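The next block holds one structure in the form of structure tokens; read it before the comments.
The values are calculated or read from the model by the stated rules, or taken from the named source; none is laboratory data. Keep in mind the model is a prediction, meaning the values are calculated, not measured. No Cβ is skipped: glycine too gets one built from the backbone with ideal geometry, and neighbour counts run over all protein chains shown. Just so you know, the surface numbers come from the protein's heavy atoms only, side chains and all, with ligands and any DNA or RNA stripped out. Shrake-Rupley method; radii C 1.70, N 1.55, O 1.52, S 1.80 Å.
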Amino acid sequence: MDDLTLFDTLREDLAQGGRVVLCTVVGSMGSAPRGAGARMALRADGSALGTVGGGSAERLATERAKALLAGEGTPGLVEYTMGGADSNTGMVCGGAATVCFQLLTPDDLPALDKLSRLLTQGSPCTLALDCTGDVPRLAVWSEGELPPDLSDRPGDRPVLADGVYTEPIGLDGVLYLFGAGHVGQALGPLLAQVGFRVVVVDSRPELARPELFPGVHQVLLGSFDHIGDTVSLTPRDYAVVMTPGHMADLEVLCQVLSCSPCYVGCMGSRKKLAFVRQELERRGFSPAQIDAVHLPIGLPLGGETPMEIAVSVAAELIQFRAARLPGRKSGRCPS
């Protein structure tokens with residue numbers, strides 16, 4: 001689940017007078033399963049969104065969050081250790097994670113409204129959590145807006161210092177999926193489940209239907225020849241191209257490469273790669289732009305069904321995102 005979806009869900013709960021406990025990993029060391037920025041929200045109905053790493057640590061965090069909803073205990077910082085004689089989780093993987101527990105109420109709606117507005121606009125911002133008092137409060141600052149006492153914080157990674165946690169949010173952009181065929185229908189919901197904000201674009205009315213893409217942010221009907229009429233890509237965005245044919249793929253690639261997104265991938269064979277390279281070169285794209293296209297897209301897992309291909313593409317995108325964004329782990333089990 002992406003941040004916008006999570007926080008918008010919390011806004012809906014709070015707008016109806018409810019309360020939510022937000023559990024945020026604000027620091028980790030060693031083999032903790034999740035790094036700073038991982039979060040889980042426990043809602044009044046007992047359901048949870050997100051994760052702080054699973055296992056015994058998450059079970060203990062959930063129990064503490066339930067107690068806070070019941071009016072027991074206090075918000076603040078808790079360290080969960082995961083190995084050695086001082087382990088308080090029973091886990092043996094090693095490391096530790098510090099989690100901040102915050103009881104959100106309707107009083108936090110203005111900050112969440114601002115966060116939602118900035119994320120919807122695609123504007124990077126900073127989430128700040130003051131963990132020094134009995135009731136940690138949430139604040140949101142737009143880019144370049146940090147107050148003087150936080151102005152020296154880095155703008156590209158989470159930091160916990162002097163009891164105040166700051167986290168850049170919105171550094172990752174939208175993943176535009178051009179093509180709503182069999183593989184697209186398998187891939188879109190899968191990418192949404194692993195935290196990408198997915199927008200699907202297709203020129204076929206019978207396929208550009210939201211019910212075919214559960215969990216994705218948006219499904220749009222638009223021409224592959226004029227994608228700028230439907231979407232606007234930025235350098236933070238991802239483009240995945242899998243239209244019904246080679247020429248449509250080529251037209252979309254030419255348009256997205258001109259926008260310089262952080263990732264461009266296209267489905268096809270190595271034979272298709274030669275054709276695409278030749279055409280892109282003929283149309284004036286530089287060797288660096290052409291080399292940046294991931295074609296064939298996906299890690300070589302050996303699958304061939306739509307879902308198997310979707311898994312290979314999702315795996316490559318997860319790997320790319322982990323290397324690109326600060327604070328992400330390797331994608332393997334922690335060591």
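Identify which of Asp107, Asp172, Asp130 has the largest mean-square fluctuation in a Gaussian network model of the chain, with springs joining Cα atoms closer than 10 Å.
In this elastic network of the chain, the residue with the biggest mean-square fluctuation among Asp107, Asp172, Asp130 is Asp107.
In a Gaussian network model over the chain where Cα atoms closer than 10 Å are linked, find which of Pro300, Pro158, Pro261 has the largest mean-square fluctuation.
Fluctuation is largest for Pro300.
With springs connecting C-alpha atoms under 10 Å apart, model the chain as a Gaussian network and identify which of Val159, Val194, Val264 has the largest mean-square fluctuation.
Of Val159, Val194, Val264, the most mobile in the Gaussian network model is Val194.
What does DSSP give for the chain in terms of the percent of beta bridges that are antiparallel, rounded to the nearest 5?
Antiparallel bridges make up about 65 percent of those DSSP assigns within the chain.
Gain in length, Asp8 to Gln218, computed as 0.36 nm per residue apart minus the alpha-carbon separation, to one decimal in nm?
74.1 nm
If you take the square roots of the eigenvalues of the alpha-carbon gyration tensor of the stretch 165-286 and sort them as a ≥ b ≥ c, do you get rounded (a/c under 1.5), prolate (a/b over b/c) or oblate? Present the calculation step by step, with values, prior to reporting the outcome.
Numbers: a/c = 1.81, a/b = 1.24, b/c = 1.45.
Oblate is the answer for the stretch 165-286, as a/c is 1.5 or above yet b/c matches or exceeds a/b.
Provide the three semi-axes, in whole Å and in decreasing order, of the ellipsoid equivalent to the chain as defined by the square roots of 5 times the Cα gyration tensor eigenvalues. Write out the running numbers ahead of the final one.
On the way: eigenvalues 299, 91, 74 Å².
The answer is 39, 21, 19 Å, longest axis first.
Given the rule -39500 (n - 2.57) for each run of at least 4 DSSP H residues, summed and divided by the residues of the chain, what is its mean residue ellipticity at 222 nm, to the nearest 500 deg cm²/dmol?
-9500 deg cm²/dmol
Explain nothing, just compute: Karplus ³J(HN,Hα) = 6.51 cos²θ - 1.76 cosθ + 1.60, θ = phi - 60°, for every residue of the stretch 287-300 in order, whole Hz, x for Gly and Pro.
Residue by residue, the stretch 287-300 yields x, 5, 5, 5, 5, 6, 6, 7, 8, x, 6, x, 6, x Hz.
Separation between the Gln278 and Phe320 pseudo-spin-labels, each 7 Å from Cα along Cα→Cβ, expressed in nm?
For the pair Gln278/Phe320, the computed spacing is 2.5 nm.
State the volume of the convex hull built on the alpha-carbon positions of the stretch 97-254, expressed per residue in Å³ and rounded to an integer.
Output value, Cα hull per residue: 147 Å³.
Would you kindly find the accessible area of Leu22, with a 1.4 Å probe and non-protein molecules such as ligands, DNA and RNA excluded, rounding to the nearest 10 Å²?
0
Any idea what the relative contact order of the chain is, in percent, if you count C-alpha pairs under 8 Å spaced at least 6 apart?
13
Kindly provide the pair-distance distribution of the stretch 22-87 built from C-alpha pairs, with 5 Å bins from 0 and whole-percent values in order of increasing distance.
4, 17, 30, 25, 15, 7, 2, 0
Just to confirm the number: angle between the C-alpha axis of helix 55-69 and the first principal axis of the chain, 0 to 90 degrees, nearest 10?
Taking Cα atoms only, the helix is inclined about 60 degrees.
Would you mind classifying the stretch 260-311 by shape? Square roots of the alpha carbon gyration tensor eigenvalues, ordered a ≥ b ≥ c; an a/c under 1.5 is rounded, otherwise it is prolate if a/b is larger than b/c and oblate if not.
It comes out prolate by the Cα gyration axes.
With a point put 7 Å past each Cα toward its Cβ, work out how far Arg117 is from His182 in nm, to one decimal.
A separation of 4.7 nm, rounded to one decimal place.
Suppose the chain between Leu109 and Asp291 were pulled fully straight at 0.36 nm per residue; how much longer would it get relative to their current alpha carbon spacing?
Once the chain is fully extended between Leu109 and Asp291, it gains 61.0 nm.
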